[in-house]
Amino acid sequence: MAKKIRTRKKRFRKQLPPPVPRDGRPLLSLAMMVKDEERFLEDALASAKPVVDEMIVVDTGSTDRTVEIARDMGAVVSHFEWCDDFSAARNTTLERATGHWLLVLDADERLRGPGDGPVDANGLRSLLRPGPKHPFEAISLEVVNTRLDGTPMNGFHSVRVFPNDRRLGYRGRVHNAFGPLIDGAPRISARIFGGVRVMHLGYDPELYAERKKAERSLPLIERTVAEEPQNRQYRFYLGREYLLLGRLPEAIEQLSRTVRETLADGQGPLVEATVHLARAMSRAERPAHEMLAVIRPVLKLRSDHPDLWLAAARAFALAEQTGAAIDAGERVLTLLRRGGKALDAQVEVAHDPSEVHGLLAGLYWEAQRFPESYRHHLAALDGGVQGGTGRLLHQACALALELGDNSRIAELLDRLLTHPSAPLGMFFFAVDRLIEQGETRGAREMLQAGSARCARMVDDPEYAPRAARLGL
């Protein structure tokens, strides 16, 4: 179910972009490398075109219509012979751009504005002026990994706009890291701009499998880990890649080592590795106590991180420790409301809180705390929770009927009927209530309307006896 990201719309002052520099060069160039991206490229370029002055596309060996689409969209296209090095290809796109500043975007990404608003192109361009640390400065944009149906998965901030200077670029064969390319250079000073976001589609699970991206990136990650065994960031990437591919034993091995070694000296992606390790262990059906043994020591260090508490809530639920699972789930929501530094990093649940509401809905149901369960059912459904919506809808209808929430009953029953596989028991229960109250005509009309709304209803074994009783 597609979900709109509901964030408060920010109002930006209208600003005229600074003039193109006197030397006649463009102010801002798009720099993009591509291969076989005919499905996504046009939308990516269309989203960037109003923001930039030129579009540079470097093709690394496409066999489809990628090059043709890029040229039709007005991009300057050139070619690069693939050499198993993403940074080499990406740095080539930077070298071929002529603008004073560069915007880096991939073909499976799109520029979007905050919330449902437009991209603040003027606001971004007004920042493109040399500062005191020039050229070692940059602008960081929020990148949101998004499913194809529009629902967010997770997000983080990433440097995407920076001066066109040969001292800046990317390192690493894969999962490129941006920064100075010369020794002794100062660290990049990056500021966050919220008027432009990057929506990234590439990690949609179905799309990731379909595009077989791992065939290109996995060997490069494995090679980097073999050459740099102490590089925990790439060991985390390796474990994450194995998890995406469903190679669970290998994922657990690499992520466990990353967590263990990072706990020892504090140098590595501790939270991200722990969350992914817990996910891998869950999919491998490892015992809950093993998952908790991994999560607890990390929580002692990072008790401010919502994703860790969500992993703990899942593990407690698996261990049938309902009270502890509820406490952990509520802690997630408290941390999200509080905000703070933890939310500046990659926090998956911040982009889709409906997931924790769905978990708490089931936990409170098990604890027979039905008002709390109903509140979280509604929050999960209104937020567009992924997966399990049939069960949630069924339980929400039951709770609405039980608690007498007449303001939501009709809407919830309608959503139940339009769901492709939700149980229909609560709809038939609502019909039975009308019959018991002597409202036979209303029950008949409800059953007729329901069968017209939901084609599969007449095949449900609960339908025939009620239809016969009501003379249908």
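The values are calculated or read from the model by the stated rules, or taken from the named source; none is laboratory data. Just so we're clear, the structure is a prediction, and the values are computed from it rather than from any experiment. Ideal geometry is used to build each Cβ from the backbone, glycine not excepted, and the neighbour counts take in all protein chains shown.
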(message) Out of ARG286, ARG296, ARG331, ARG279, I need the residue that is outside any helix (DSSP H, G or I) and among the basic types (Lys, Arg). Which one?
(response) ARG286
(request) Give VAL196, VAL259 a once-over and let me know the one that is surrounded by 21 or more Cβ atoms within 10 Å (Cβ to Cβ) and either in contact with a strand residue (DSSP E or B) (Cβ under 8 Å, 6 or more places away or on another chain) or not in a helix (DSSP H, G or I) (or both). (result) VAL196
(message) Can you say whether GLY390 is part of a helix (DSSP H, G or I) and within 29 Å of SER354 (Cα to Cα), as far as the supplied structure shows?
(response) yes
(request) Please work out which residue is surrounded by the most Cβ atoms within 10 Å (Cβ to Cβ), limiting yourself to the range 204-239 and to residues that are acidic (Asp, Glu) and within 17 Å of PHE40 (Cα to Cα). (result) ASP204
(request) Please note which helices (runs of 4 or more DSSP H) are completely contained in the range 15-105 and include at least 1 residues that are more than 28 Å from ILE221 (Cβ to Cβ), in contact (Cβ under 8 Å) with a residue 12 or more places away in the chain and of a type outside the set (S, T, N, Q). (result) 41-48, 66-72
(message) The conditions are (1) closer than 30 Å to GLU330 by Cα; (2) out of contact with any helix residue (DSSP H, G or I) (no Cβ under 8 Å at 6 or more places or on another chain), and GLN437 fails exactly one of them. Which is it?
(response) (1)
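Tally the residues that are surrounded by fewer than 18 Cβ atoms within 10 Å (Cβ to Cβ) and in a strand (DSSP E or B), restricting the search to the range 180-192. Quick ask: steps written out before the conclusion?
So the first thing to find is which residues in the range 180-192 are surrounded by fewer than 18 Cβ atoms within 10 Å (Cβ to Cβ), and the list is 180-189, 191-192.
Checking which are in a strand (DSSP E or B) leaves us with 180, 189, 191-192.
Residues in the range 180-192 being surrounded by fewer than 18 Cβ atoms within 10 Å (Cβ to Cβ) and in a strand (DSSP E or B): 4 in total.
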(message) Looking at LEU201, LEU141, LEU168, LEU148 in this structure, which one is among the hydrophobic types (A, V, I, L, M, F, W, C), assigned by TED's automatic domain parsing to the domain that holds ALA88, on the phi < 0 side of the Ramachandran plot and surrounded by fewer than 19 Cβ atoms within 10 Å (Cβ to Cβ)?
(response) LEU148
(request) Would you please list the contacts, defined by Cβ atoms under 7 Å and residues six or more apart or on different chains, that run from a residue in the range 300-312 that is in a loop (DSSP other than H, G, I, E, B) to a residue that is of a type outside the set (A, V, I, L, M, F, W, C)? (result) ASP304/GLY340
